[in-house]
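Here, each number is a calculation from the coordinates, and none is a lab measurement. Just so you know, these numbers come straight off a predicted model, no measurement behind them. Cβ atoms come from the backbone with ideal geometry, glycine included; neighbour counts cover every protein chain shown.
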Amino acid sequence: MFPTPRVAVSCAIEVTPEPCPVPVELMIDGCEDAVILDAGSVMLSSLGRILQLDVTVKNVCPNKRVALAVILTEVDQNGMEYSRGMKTMTLPAHTSDSCRDVLVKCISFVLPEDLDVLSGNKDAICNPRKLKVRFIAHNIDTDYRCCDTVITLS
């Protein structure tokens, strides 16, 4: 006796953000070496913007790595906030003699226009968009040691 065989298939999730464009058909007769065609109009697709942020983390002590989080939200006309992304990163320790400010450059977010909550027209990037960005930063490394624990710094 054999048990009932089972086959488990895991399929990847597929996303097709844009449909195939509708073709414009034309015919070129034999012996023609030039053809002029008015193909009509075409709409811009997959519109969006890229937000690039710089931030200065103040008073970072020497030999301390910093964990930085950047939280981006978009605000509608009623003041409601919608998540637009989050990034976390480790800032490497510096070796200056004292605490100093560290400039973090080029933190990028992608803002597709189809997520615009402020205006009704999602087919243009001419609409204003209201965003909020929040930062959380803290030291990763610490000199503190509990009396009964061993911590490995890496």
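Looking only at Gly40, Gly48, Gly30, which one moves most when the chain is put into a Gaussian network model with springs between Cα atoms under 10 Å?
So, out of Gly40, Gly48, Gly30, the one fluctuating most is Gly30.
Taking a temperature of 25 °C and a viscosity of 0.890 mPa s, what whole-number D in µm²/s does Stokes-Einstein yield for the stretch 48-139 with Rh from Kirkwood over alpha carbon pairs?
165
Suppose R0 equals 41 Å. What FRET efficiency, 1/(1 + (r/R0)^6) with r the Cβ-Cβ distance, do Leu53 and Cys11 give to the nearest 0.05?
The value I calculate is 0.65.
For the chain, what is the number of Lys pairs with C-alpha distance below 28 angstrom, counting only pairs 8 or more positions apart or on separate chains?
Eligible lysine pairs with Cα atoms under 28 Å apart amount to 14.
Would you calculate the separation in nanometres between label points at Arg145 and Val42, each defined as 7 Å from the Cα along the Cα-to-beta-carbon direction?
6.6
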